[in-house]
Amino acid sequence: MPKEGQQDIKPDTLIMVRDLCKSFGSNHVLQGLNLEVNRGEDIVVIGGSGTGKSVLIKCIIGLLKPDRGTIYIDGEEITYYNEAKLNEIRKKFGMLFQFGALFDSMPVWENVGFGLKQHTNLKDDEIRDIVAEKLAMVGLKGVEYLMPSELSGGMKKRVSLARAIAMEPEILLYDEPTTGLDPIMADVINELIIQLREKLRVTSIAITHDMKSAYKIGDRIAMLYKGKIIEVGTPDEIKNSKNEIVQQFIQGKSEGPITRGE
Amino acid sequence: MVKFFDFLGSLVIRFIEESGRIMLLFIKTLMWIFRPPLNLKNIVRQMEEVGVNSIPVVLIMSIFTGMVLALQSYTAFRRFNAEAFIGTVVALSMVRELGPVLSGLMVSGRVGAAMAAELGTMQVTEQIDALYALATNPIKFLIVPRFLAALFVMPVLVILADIIGIIGGYLVSVILLGTNSTIYIKRTWDYMELEDIYTGLLKACIFGIIIATISCYQGFSTRGGAEGVGKATTRAVVLSSLIILISNYFIAALMF
Ligand SMILES: Nc1ncnc2c1ncn2[C@@H]1O[C@H](COP(=O)(O)OP(=O)(O)OP(=O)(O)O)[C@@H](O)[C@H]1O
Ligand SMILES: [Mg+2]
């Protein structure tokens, strides 16, 4: 089998995932997954609970080592990079974790300003200013000195989003950015994601179950099913997909090929 | 029978694997210590946690240990009229053995458990992944400060334990049992050699390293929610206590 070479990557492609496999014991989560993300594009990954969406983005940012396959970021193959090199690559990324993953020993402002503190020479005052600005972007005010344990679920999510965007990264990975938010706040976050793309040309991968948000923020939508991306297309293409699995999922029907276990 | 050997074999393999991983973490930690910058704020916070907050337990432990040592050696020594040497026995036992070992066990129970629980919780709530994602090495950020704090604070605690233990012995022997105060103090000093103190402090440093390395390792390798954190905490305390006791013998044998 010919190996995919670097020269095959189109200049427009920022993230390329080829034949990605990842298993946990006998649980074969990803089974030869392919995905390409173009520069400045917002791709939404949808798929059932436990299909491996979080595993996919953790592989992309190097938190999980794939069993097989390759991942290219900006033309560089990072799949088997060591910690030091991964560290450099990760500076291009911001990641919103599904459950926030806020540092619970630090107040909100230190959480959001963590990257700035670690990787820049900014003074605490300057960091606090940037933090306040990022918090305002996610619709939060006056929470700087609260501890994560004092926040509600939705607030945690938004603080975590603020932390992800604080360093103004090139690539953003959102793991369910709107889950647990009220409909209005969810829309604020959708708008923010769109703005980040339009104003800062951020490339992003967003995981979501919320189809409304998927249609709104996605330039393209990719459906993950049984370890592979079974369909990629613009929101309209996905809405009109002929694939029954996709149709069942986006319409949220309990009857269909997914539940019949095909 | 085959099953038994299978089981034994897998146990041995797991033991070797685990020791290897702990050694690896230890080496990585050493490497990160020498890569600037050092996060002084975190180190100071950990020193407070490991050191200052351990002082009460260490004090109580050492004063009662010194007291019981004096009481027991009085009972024994009176039989051959050697009461004058109670001071020597208390001081040497405290400085060479009981000070470091008991402090080590106390600190592994208090601090080791806390380290494993905190880092374990961070592991299962993806906070350690979040550190990686923020391009920060968790060994540098989390383990190095704990390691340095334990390494530097343990000897201080042990010196404190030694002094308080000796005072405890003095109180029982002189005030309670009425032996001669001047002789007690003189016999404490006369037979104490610098080497005794060195050995004790060397042990303290090594125990500090053992506690920090094992507890941080257990924290980082925690899997599976609250239950996992509980298991990691238990393992951290049991394992570091055992290794303290075992290595204590070998250090003593080497120094003999
Ligand atoms: N660290 C891990 N160790 C073992 N198994 C794991 C690990 N992480 C994920 N899995 C398994 O991989 C599968 C996919 O998990 P993942 O978290 O990616 O699902 P998901 O698609 O994000 O689901 P959800 O929408 O519910 O978040 C699950 O079956 C899970 O049990
Ligand atoms: Mg998930």
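The values are calculated or read from the model by the stated rules, or taken from the named source; none is laboratory data. These numbers were taken from a predicted model, which means no experiment stands behind them. Using ideal geometry, Cβ is built from the backbone for each residue, glycine included, and neighbour counts are taken over all protein chains shown. Note: accessible area is taken over every heavy atom of the protein model, side chains too, but ligands, DNA and RNA are not part of it. Shrake-Rupley method; radii C 1.70, N 1.55, O 1.52, S 1.80 Å.
Things worth noting here:
- Residue tally, condition assigned to a helix (DSSP H, G or I), touching a helix residue (DSSP H, G or I) at 6+ places or on another chain (Cβ under 6 Å), under 17 Å from B:TYR74 (Cβ atoms) and open to solvent by 30 Å² or more (accessible area, probe 1.4 Å), over the stretch B:171-206: 3
- Applying the set (1) within 16 Å of ligand 2 (Cβ to nearest atom); (2) touching an Asp or Glu at 6+ places or on another chain (Cβ under 8 Å) to A:THR234 leaves exactly one unmet item: (1).
- Matching residues, the stretch A:72-127, being charged (D, E, K, R) and touching a Gly at 6+ places or on another chain (Cβ under 7 Å): A:ARG90
- Picking from residues in the stretch A:57-74 that are open to solvent by less than 10 Å² (accessible area, probe 1.4 Å), within 14 Å of another protein chain (Cβ to nearest Cβ) and outside any loop (DSSP other than H, G, I, E, B), the one that is farthest from ligand 1 (Cβ to nearest atom) is A:ILE73.
- In the stretch B:234-251, the residues that are open to solvent by 30 Å² or more (accessible area, probe 1.4 Å) and not charged (D, E, K, R): B:THR234, B:VAL237, B:VAL238, B:LEU239, B:LEU242, B:ILE243, B:LEU245, B:ILE246, B:TYR249, B:PHE250
This table checks each residue for (1) of a type in the set (Ser, Thr, Tyr); (2) open to solvent by 70 Å² or more (accessible area, probe 1.4 Å); (3) assigned to a helix (DSSP H, G or I).
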position	(1), (2), (3)
B:GLY9	no, no, yes
B:ARG21	no, yes, yes
B:PRO36	no, yes, no
B:PHE77	no, no, yes
B:LEU98	no, no, yes
B:GLY112	no, no, yes
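- Residue match in the stretch A:76-89 (condition: β-branched (Val, Ile, Thr) and touching a Pro at 6+ places or on another chain (Cβ under 8 Å)): yes
- Those residues of the stretch B:172-195 which are farther than 14 Å from B:GLY66 by Cβ and small (Gly, Ala, Ser), in sequence order: B:GLY178, B:SER181
- From A:GLY218, A:GLY227, residue being more than 16 Å from ligand 2 (Cβ to nearest atom) and either away from chain B (no Cβ under 14 Å) or farther than 20 Å from A:ASP19 by Cα (or both): A:GLY218
- Some residue of the stretch A:84-97 being crowded, with 22+ Cβ neighbours inside 10 Å, of a type in the set (Phe, Trp, Tyr) and more than 10 Å from chain B (Cβ to nearest Cβ): no
- Only strands (runs of 3 or more DSSP E) whose full extent lies in the stretch A:154-256 are considered here, and the ones with at least 2 residues that are over 30 Å from A:MET106 (Cβ atoms) and under 18 Å from the mean Cα position of the chain (by Cα) are A:220-225, A:228-233.
- Selection status of A:THR179, open to solvent by 60 Å² or more (accessible area, probe 1.4 Å), closer than 18 Å to A:THR51 by Cβ and within 16 Å of ligand 1 (Cβ to nearest atom): yes
- Number of the exception - A:GLU126 against (1) open to solvent by 50 Å² or more (accessible area, probe 1.4 Å); (2) touching a residue at least 12 places away in the same chain (Cβ under 8 Å): (2)
- When A:GLY154, A:GLY218, A:GLY233 are checked against the criterion of being more than 15 Å from ligand 1 (Cβ to nearest atom) and free of Cβ contacts under 8 Å to residues at least 24 places away in the same chain, a single residue qualifies: A:GLY233.
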